[in-house]
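*Asks:* Here it is: the structure, laid out below.
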Amino acid sequence: MINLQNAKSFEDLLGSDIEPSPYEFPLLFKADGWLDRRRSKNRFTLLRAVDAKLRKILHEGERVYFATSGTTANMAEQHFAGAAIAQALNRRALVFTTERVLLLQIDSRKRPRELVSQVAYTAIAEVKATWTGYCQLKLSEKTKLNFVGVPKADRKHLAAFLTDVVKAAVTTPTTKGNALQHLCPHCYVPVPGHPEACPHCQGRFKLARIAMLRSLLFPGLGDFYLGHRMFAAVEIFGAIMFWYVLVIAPLIGAPDENGEVRGTDAASWTTAAVMLVLLHAIDAVMTRHFALKGHHPA
């Protein structure tokens with residue numbers, strides 16, 4: 001029988017000899033035209049990549065109606081952390097099921113990473129496609145989730161999807177303050193707050209305060225602790241260059257780009273100290289911010 005992993009293309013999953021699965025393939029893979037086929041092909045690639053992890057997260061009897069991908073990076077994150085880093089760390093697979101919206105962190109090749117969150121349908125007040133290219137979820141606690149990079153047709157489809165399908169979905173009412181729930185990366189149950197371990201399976205988490213303190217000590221160390229090693233290497237290299245230009249070079253009398261030796265007067269050292277404190281503080285704040293976006297497995 002054909003399943004998601006042995007199928008050669010999404011068309012193979014629209015036949016009759018299909019292995020039972022939690023996926024509604026006729027809804028996931030529409031092929032009414034060239035653009036629909038292209039989007040179905042991308043969705044096929046996404047689902048194949050997250051299939052093994054997604055099956056562990058789904059409840060018994062829960063079914064998948066729709067899936068797409070995008071990033072939740074906002075303007076502030078892109079400004080302080082850099083667009084490339086912010087978008088990479090916020091890249092998500094957006095999976096609509098009969099019960100909830102699942103947000104699975106993925107990499108550039110659509111492979112699943114550590115963080116998993118969910119939003120119950122009852123916590124969603126509105127979904128709309130904005131002219132600025134966002135797919136926007138307005139939550140009942142008066143917060144918003146903006147997904148950037150979602151294909152235009154998918155953004156429009158999501159708004160119609162919630163109108164037609166979500167009203168008939170089996171949902172569990174949410175309480176104020178937990179519209180967006182982070183799941184344990186070990187057992188995939190919702191874990192409120194940011195404890196040291198999952199109260200359900202005792203799986204341990206990395207702590208935001210440790211990540212923040214390491215980045216405060218030296219930029220990049222907190223991201224290395226969280227597992228963002230490529231970005232940590234870039235931050236560490238950049239911080240070393242700052243320290244060299246502002247501190248090391250003046251101490252050893254190294255010339256600058258104009259061939260002049262920088263002065264070591266009090267004003268120069270004060271400026272260097274302020275810039276370095278800001279560099280360390282901003283990186284510490286951003287590291288804590290990204291650490292609180294879910295539960296990182298220790």
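*Asks:* Tell me what the chain gives for mean residue ellipticity at 222 nm when only DSSP H runs of n ≥ 4 count, each as -39,500 (n - 2.57), the sum divided by the residue total, rounded to 500 deg cm²/dmol.
*Replies:* On the way: 10 runs with 116 residues, N = 298.
Computed mean residue ellipticity for the chain: -12000 deg cm²/dmol.
*Asks:* Amide H of E99: which non-local residues (sequence gap of 5 or more, or other chain) have their own amide H closer than 5 Å, using H built in the peptide plane?
*Replies:* The list, which skips near neighbours in sequence, is R63.
*Asks:* Something else now. Out of residues 5 or more away from R113 or on other chains, whose amide H comes under 5 Å of its own, with H placed 1.01 Å from N in the peptide plane?
*Replies:* When sequence neighbours closer than 5 places are left aside, the close amide H contacts are Q105, I106, D107.
*Asks:* Continuing with the same structure: When the chain is treated as a GNM, springs tying every alpha-carbon pair under 10 Å, which of P195, P250, P112 comes out with the largest mean-square fluctuation?
*Replies:* Maximum fluctuation in the GNM of the chain, among the listed residues, is at P250.
*Asks:* A further question follows. I want the local charge near L207. Using Cβ-Cβ distances under 15 Å, sum +1 for each Lys or Arg and -1 for each Asp or Glu among the other residues.
*Replies:* Taking every other residue near L207 into account, the sum is +3.
*Asks:* Nearest 10 degrees, 0 to 90: what angle lies between the long axis of helix 229-243 and the longest principal axis of the chain (Cα atoms)?
*Replies:* Between the helix axis and the principal axis of the chain, the angle is about 20 degrees.
*Asks:* Would you mind working out the magnitude of the charge dipole of the chain relative to its Cα centre, with +1 at each Lys and Arg C-beta and -1 at each Asp and Glu C-beta, to the nearest 20 Debye?
*Replies:* 640 debye
*Asks:* Antiparallel DSSP bridges in the chain: what percent, to the nearest 5?
*Replies:* Expressed as a percentage, antiparallel bridges in the chain total about 95.
*Asks:* Right, here's the next one. Hey, got a sec? Which trypsin sites (Lys or Arg not before Pro) in the range 1-53 land in a DSSP loop and have at most 16 other Cβ atoms within 10 Å?
*Replies:* Listed in order of number, the matching sites are K8, K30.
*Asks:* While we're looking at this one, here's another question. Going by amide H atoms built from the backbone, whose H comes under 5 Å of the H on S69, apart from near neighbours?
*Replies:* L94
*Asks:* Another question about this same structure. Return, in residue-number order, each cysteine of the chain whose C-beta is not under 4.7 Å from any other cysteine's C-beta.
*Replies:* C135
*Asks:* In whole Hz and in residue order, list the ³J(HN,Hα) couplings for the range 147-158 that follow from phi through the Karplus curve 6.51 cos²θ - 1.76 cosθ + 1.60, θ = phi - 60°; x for Gly and Pro.
*Replies:* Computed from phi, the couplings for the range 147-158 are 9, 9, x, 6, x, 3, 5, 5, 4, 5, 5, 4 Hz.
*Asks:* By how many nm would the segment from D17 to E196 lengthen if fully extended, with 0.36 nm per residue of separation less the alpha-carbon distance?
*Replies:* On the way: separation 179, 0.36 × 179 = 64.44 nm, distance 4.64 nm.
59.8 nm is the gain from fully extending D17 to E196.
*Asks:* Quick check: the angle from helix 208-217's long axis to the longest principal axis of the chain, C-alpha only, nearest 10 degrees?
*Replies:* Compared with the principal axis, the helix lies near 30 degrees.
*Asks:* Another question, if that's okay. Given 5 Å bins starting at zero, what is the percent of C-alpha pairs of the range 1-90 in each, up to the one with the largest pair distance?
*Replies:* The percentages, shortest bin first, are 2, 13, 19, 19, 14, 11, 10, 7, 3, 1, 0.
*Asks:* For the range 10-183, count all C-alpha to C-alpha pairs, find those more than 19 Å apart, and express that count as a whole percent of the total.
*Replies:* Values: 8590 of 15051 pairs.
Tail of the P(r) past 19 Å holds 57 percent of the pairs.
*Asks:* For the range 85-97, what does the Karplus curve 6.51 cos²θ - 1.76 cosθ + 1.60, with θ = phi - 60°, yield as ³J(HN,Hα) per residue in whole Hz, taken in order and with x for Gly and Pro?
*Replies:* Here the 3J(HN,Hα) series is 5, 4, 5, 5, 6, 9, 5, 9, 8, 9, 10, 9, 10 Hz.
*Asks:* Step through the residues of the range 189-203 one at a time and calculate ³J(HN,Hα) from phi using the Karplus curve (6.51 cos²θ - 1.76 cosθ + 1.60, θ = phi - 60°), rounding each to whole Hz and writing x for Gly and Pro.
*Replies:* With the stated coefficients, the range 189-203 comes to 9, x, 10, x, x, 9, x, 6, 8, 6, x, 8, 10, 6, x Hz.
*Asks:* Something else now. Tell me the label only: which of (1) 24.8; (2) 19.7; (3) 16.5 is mean projected area of the Cα convex hull in nm² as calculated from this structure?
*Replies:* (2)
Just so you know, all these numbers are worked out from the coordinates, no wet-lab data involved. Being a predicted model, the structure only gives us computed values, none of them experimental. Please note: Cβ atoms are built from the backbone with ideal geometry, for glycine as well, and neighbour counts cover all protein chains shown.
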